[in-house]
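Beneath this line is the structure, given in structure tokens, with notes to follow.
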Amino acid sequence: MTVTGSVHSWDISTGVDGPGTRFVVFTSGCPLRCLYCQNPDTWHMRDGHRTSVDELLAEITKYRRFIDVAGGGVTVSGGEPLLQPVFVAELLHRVKALGLHTALDTSGYLGARATDALLADTDLVLLDIKSWDPGRYRRLTGGDIAPTLAFARRLADLGKAMWVRFVLVPGHTDDPDDVEGIASFVATLSTVERVDVLPFHKLGAAKYTALGLPFPLANVPVSDSVVVRVGAEKVDGWTLDPDSPAVVFAEPPPPDSRISVAYLVRMTP
């Protein structure tokens with residue numbers, strides 16, 4: 001049986017979509033409407049290209065040697081991949097059969113749609129936790145935070161490796177209590193390998209213009225000269241990468257450790 005899905009595009013990336021150089025498949029369709037979304041052109045499944053798993057495997061195979069040498073793999077992103085769980089499950093299964101590392105980039109909002117079989121074929125989950133506060137999460141995304149948190153706990157229970165990502169948006173997600181809530185929650189997840197606190201940017205603003213849509217955060221300030229740093233206490237077993245544009249904790253904490261974010265500081269060179 002030929003399994004097809006709605007695909008926006010694919011690309012080759014290094015360092016941002018999982019370890020090594022990755023073949024990244026961007027699926028179409030997303031149930032959330034994040035105010036800072038940089039890919040509004042992936043919101044609707046109807047706008048994607050109907051693509052079979054066989055067609056994607058043919059493209060991936062062209063880059064297999066390069067991906068192997070670069071220590072990479074294949075990442076399924078979006079949109080929201082779990083909006084098409086059958087298609088994504090088949091793609092991950094076929095990629096895994098090639099012996100390549102697999103990653104799933106998701107908000108976790110539709111985590112309940114990920115079967116255990118799908119997750120068994122997933123080596124790494126890139127989990128976006130957009131806010132800790134339920135009210136703020138709803139204002140920011142239009143959805144609920146509870147499914148994402150439940151999915152994160154399930155991944156930890158399954159022993160599934162995670163990289164957690166959080167976008168720091170001035171005036172929206174930079175409340176210290178919000179960051180503290182996420183940090184404290186993540187510290188309870190034994191399989192988190194890395195946490196990225198990513199700075200807000202407007203690189204996708206032109207896409208809104210092309211679609212005739214207003215960019216909701218057009219007036220939120222952003223500057224290339226601003227470096228966002230998150231200070232932390234009690235981070236035994238965690239390391240801070242000072243050269244990263246994001247704040248990266250590269251090693252998981254011991255089970256009894258608690259991350260305590262003490263401050264948010266914007267530093268200009």
Just rank SER131, SER184, fewest to most, by other beta-carbon atoms within 10 angstrom. SER184, SER131
If you stretched the chain out fully between ALA205 and VAL222, how much longer would it get, using 0.36 nm times the residue separation minus the C-alpha to C-alpha distance? 4.9 nm
Based on the mean of other beta carbon atoms within 10 Å per residue, what is the order of 92-98, 70-76, 41-47, 60-66, most packed first? 70-76, 92-98, 41-47, 60-66
Could you work out how much longer the chain between SER13 and ARG65 gets when fully extended? Use 0.36 nm per residue separation minus the Cα distance between them, nm to one decimal. 17.2 nm
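Each reported figure results from applying straightforward, stated rules to the coordinates on display, with no laboratory input. Quick caveat: nothing in here was measured; it's all calculated off a predicted structure. FYI the Cβ positions are ideal-geometry reconstructions off the backbone, even for glycines, and counts take in every protein chain you see.
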